[in-house]
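As C-alpha cells, the structure follows; a few thoughts come after it.
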C-alpha cells in the first residue's frame, strides 16, 4: 500500500513565524504535490515537484516555497506566516512510470494567529 | 484549463439508499480519480478510472470518456459513507489534477 505521511495533523503558529510542513512517501514516487483546501475554494495546487531539487509553481505559490532534497521527502515552507495562510494543507505523490494516480497524506490543519 | 463540474452539490439520504454522483469535464482526459474525504480531512482513493467501469464492494464507477462524464454509484449507503466526494482529472501529458468542487453526502441513520 502507498503511504504518504505528514509531520503534523494540527499546527498552531503565530503571525511572522517560519513554518515547515513535511511530507514523506514510501513508494519511490517521482512526483510530489502540495495543495491547500479552503471552504468554498476547493483544493488548489501550491507547488509540484517532479524530481529531486526540481519544482514547479502551481496555482497559488505566493507566500510559499518548497524543498525537495531527497526523493521521498517534500517540504512546504511558509517564510513568514500570515493569518490568510490558515488552511488545511494536503500532500500527495504519484508515479511517472505508472498511471499518475495521486495518493494523499492525512493533511495538516494549520492555524496562524 | 480543464473545467470539472460535480453534481449534486449536496445529497442527504437515509441509510440503505442508493445514490449516483456525477462528474462532467470539459476536455479529453487520461487520468480521472474519485476520492472520498473523510471527516478528519483525509482524501481516500476510491477509483482510478479514466475510462470504463470498475467495482469495489458497494461502490462502482463508470467513465464515458467520449462524452466527458463519470458516475460514482454507492449502493446500500451506510453512515460511514458520509463525507465529501471529489472527482479530479488530468489531461494527457499533465500530471497535475484539477478537482471538482465536490458532492457532500450525508447519510442519516
Within the stretch A:70-112, considering residues that are in a loop (DSSP other than H, G, I, E, B) and at the interface with chain B (Cβ under 8 Å from one of its Cβ atoms), the one modelled with the lowest pLDDT: A:99
Candidate set: the stretch B:62-100, residues that are assigned to a loop (DSSP other than H, G, I, E, B) and more than 26 Å from residue A:49 (Cβ to Cβ); chosen: the one nearest to the other protein chains (Cβ to nearest Cβ): B:82
Flag if residue A:62 is out of contact with any helix residue (DSSP H, G or I) (no Cβ under 9 Å at 6 or more places or on another chain), loosely packed, with under 15 Cβ neighbours inside 10 Å and assigned to a strand (DSSP E or B): no
Boolean, residue B:34 is out of contact with any strand residue (DSSP E or B) (no Cβ under 8 Å at 6 or more places or on another chain) and closer than 29 Å to residue B:109 by Cα: no
Pick from the stretch B:31-57, criterion at the interface with chain A (Cβ under 7 Å from one of its Cβ atoms) and in a strand (DSSP E or B), ranking: farthest from residue B:81 (Cα to Cα): B:31
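Would you point out the residue of the stretch A:20-29, among those that are part of a strand (DSSP E or B) and surrounded by 20 or more Cβ atoms within 10 Å (Cβ to Cβ), that is farthest from the chain's Cα centre (by Cα)?
Filtering the stretch A:20-29 for residues that are part of a strand (DSSP E or B) and surrounded by 20 or more Cβ atoms within 10 Å (Cβ to Cβ), the one farthest from the chain's Cα centre (by Cα) comes out as A:25.
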Enumeration of residues in the stretch A:58-69 that are away from every other protein chain (no Cβ under 14 Å) and on the phi < 0 side of the Ramachandran plot: A:62, A:64, A:65, A:66, A:67, A:68, A:69
Per-region count, the stretch A:30-56, residues away from every other protein chain (no Cβ under 11 Å) and either in a strand (DSSP E or B) or surrounded by 17 or more Cβ atoms within 10 Å (Cβ to Cβ) (or both): 7
For residue B:54: the one exception among (1) within 23 Å of residue B:10 (Cβ to Cβ); (2) surrounded by 14 or more Cβ atoms within 10 Å (Cβ to Cβ): (1)
Checking residue B:6 against (1) within 12 Å of another protein chain (Cβ to nearest Cβ); (2) loosely packed, with under 15 Cβ neighbours inside 10 Å; (3) modelled with pLDDT of 95 or more, the condition it does not meet: (2)
Filtered residue count, the stretch B:57-78, keeping only those that are exposed (fewer than 13 other Cβ atoms within 10 Å of the Cβ) and either within 24 Å of residue B:96 (Cβ to Cβ) or modelled with pLDDT under 95 (or both): 3
Test: residue in the stretch B:18-26 that is within 13 Å of another protein chain (Cβ to nearest Cβ), closer than 22 Å to residue A:41 by Cα, modelled with pLDDT of 95 or more and in contact with a strand residue (DSSP E or B) (Cβ under 6 Å, 6 or more places away or on another chain): no
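The values are calculated or read from the model by the stated rules, or taken from the named source; none is laboratory data. Not measured: the values here are computed from a predicted model. Cβ sites come from the backbone with ideal geometry, for glycine too, and all protein chains shown count toward neighbours.
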